[in-house]
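Everything on this sheet refers to the single structure shown next.
The values are calculated or read from the model by the stated rules, or taken from the named source; none is laboratory data. What you are looking at is a predicted structure, and each value in this text was computed from that prediction instead of being measured. FYI the Cβ positions are ideal-geometry reconstructions off the backbone, even for glycines, and counts take in every protein chain you see. Quick note on the areas: whole protein, heavy atoms, side chains included, nothing else; ligands and nucleic acids left out. Shrake-Rupley method; radii C 1.70, N 1.55, O 1.52, S 1.80 Å.
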Amino acid sequence: MEVDEENPASTSPTEASDLGPDSQTLVSSVHATPLQPIQPIVPPVVVPPIAPIPSILPPPVIRPLAPLPVRPPVLRPPISQNGEVRESDSDSDNEDSGPTRTAPGTTGEYEISEESRLVRERQEKAIQELMMKRRAKALAVPTNDMAVRTRLRKLGEPMTLFGEREMERRERLRMIMAKLDAEGQLEKLMKAHEEEEAAATAAKADVEEEIIEYPFFTEGTKTLKDARVDIARYSLVRAALRIRREQRKRDDPDEDMDAELDWALGQAANLVLDCSEIGDDRPLSGCSFSRDGEKLATCSLSGVTKLWRMPNVEKESTLKGHTERATDVAFSPVHDHLATASADRTARLWDTNGSLLRTFEGHLDRLARISFHPSGKYLGTTSFDKTWRLWDVENGEELLLQEGHSRSVYGLDFHHDGSLAASCGLDALARVWDLRTGKSILALEGHVKPVLGISFSPNGYHLATGGEDNTCRVWDLRKRKTLYTIPAHSNLISEVKFEPQEGYFLVTASYDMTAKIWSARDFKPVKTLAGHEAKVTSLDVAGDGRYIATVSHDRKIKLWSSSSKEKAMDVD
């Protein structure tokens, strides 16, 4: 305690450091005192304050680093992130940059070099283009090139540029519309154009209403008018007889329609090959029975038509006159006359003795099929000139040139009443025509390929068609739609024919070298007539249903008939 009071300065390091050599005696005297145990404690107290002295000396070394912030930041271009200049987040940067570092006229804290400015402009331009493309993708642009040209013209732009393709033109329209949309002018322009179009459409409609007052029609000749009147009178009588007969069958208790149909189908199921004869040196193209079934006419690609005596198929006469291949032959339902069609663009009328009676000229392309009207006064022909024509048999005058098919007309048949005609063609369409008015009353769509055969049923309301899609379709004229679709053959169907008396069965010929018989009740298969070695091109059914004749590209005529036992049952 006394030592501390007497020597308070001994604990101060600053005072200890100022002691000179003269003070050594005083220190020694102090150590000489009786308090010697404290002597080892004093040196540690004095020595440690001297050790940190070197740590105070580094600050002069740090002082030369103070000018480092003087380095100008303008030498380093600002780092851009997404088109924006990065701003400093530290206080040291703000202190270093100072107010003198900001360029005049700029809003940032750094001066922007010319290179940085160009980079920023490029980035802003790319962003604008990207937004423009996004806006353009959302716009509805026409896909039709003519519509694109029209829209460009409406917008006051060139319809096309040199060497510009359709897709490039459409893309140009898209970008123009996007630009107008971005500027807010698209709605205004399109609204104006819509108003102009509406006004133009209304004016056009007014003009059309003023001009077209009556439906379009072609004025016919007096002979055609007389023919239509004659057909109307004939068909009304025939239709009345048919309806009266149907009513009698319905009301008569002795009439069993199902039994008659079953008997007819049984006859058809028992058909066998009765005779096979070579008909010509070239493939045969058509055949037809006479109205009494005693004669058969065939034609071939040689242009020659031959008459055969039934039932032994003995050649009776040869009809020569066509200069090109014959395509079809048909017997008159009233007279002993027959007509032939040829690729020489003419149809010819013959008698059974082989004499040429009349030539029908007028078609512009080769003929396909030929058919007589039930009255026997008129003849119908089809041609590859996309028309079918009606001729007067008596004087050979062309009464009607009927258009309506978009492609070649191939098949033709007349309703048993005589009021309607049905045509089919390579446009996969069948049309029903009213001969009394000249109108197309029904268009039958369903086939997917050309229709080659067509036939009316004697019942008056069924119509059968067959074509290259290998199917036979049965149409109900009352319902105006398909009643049955028969996948009949494995190749195209060249001809279809209903049994001519009551329509109890349907016969189809095909290029799969067969002919098939189908029940008229449910159009199920009854019999397959197989025997030809090539395409079957045509067939015909005798008036009483006794015979079915088929001709083929194998040049053969095949006659199918029932057995003698069934014939005896028929007589009984």
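Structure above, values below:
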{"item": "Filter result (in a loop (DSSP other than H, G, I, E, B) and either at pLDDT 95 or above or farther than 27 Å from residue 218 by Cα (or both)) within the stretch 436-467", "result": "446, 447, 448, 449, 450, 457, 458, 459, 460, 461"}
{"item": "Per-region count, the stretch 309-349, residues open to solvent by 10 Å² or more (accessible area, probe 1.4 Å), in contact (Cβ under 8 Å) with a residue 60 or more places away in the chain and among the hydrophobic types (A, V, I, L, M, F, W, C)", "result": "1"}
{"item": "Subset tally (residues that are surrounded by 12 or more Cβ atoms within 10 Å (Cβ to Cβ), in a helix (DSSP H, G or I) and modelled with pLDDT of 85 or more) for the stretch 153-167", "result": "1"}
{"item": "Pair list, Cβ under 7 Å, 6 or more apart: the stretch 169-186 residue free of Cβ contacts under 8 Å to residues at least 12 places away in the same chain, other residue crowded, with 19+ Cβ neighbours inside 10 Å", "result": "186/177"}
{"item": "Filter result for the condition that a residue is touching a Lys or Arg at 6+ places or on another chain (Cβ under 6 Å), in a strand (DSSP E or B) and within 24 Å of residue 292 (Cα to Cα), over 401, 357, 338, 349", "result": "349"}
{"item": "Answer residue from the stretch 432-457, given it is touching a strand residue (DSSP E or B) at 6+ places or on another chain (Cβ under 6 Å) and among the small types (Gly, Ala, Ser) and is surrounded by the fewest Cβ atoms within 10 Å (Cβ to Cβ) among those", "result": "443"}
{"item": "Considering residues of the stretch 401-425 that are among the charged types (D, E, K, R) and more than 28 Å from the chain's Cα centre (by Cα) only, the residue surrounded by the most Cβ atoms within 10 Å (Cβ to Cβ)", "result": "413"}
{"item": "Total residues in the stretch 237-285, condition part of a helix (DSSP H, G or I), in contact (Cβ under 8 Å) with a residue 40 or more places away in the chain and surrounded by 14 or more Cβ atoms within 10 Å (Cβ to Cβ)", "result": "9"}
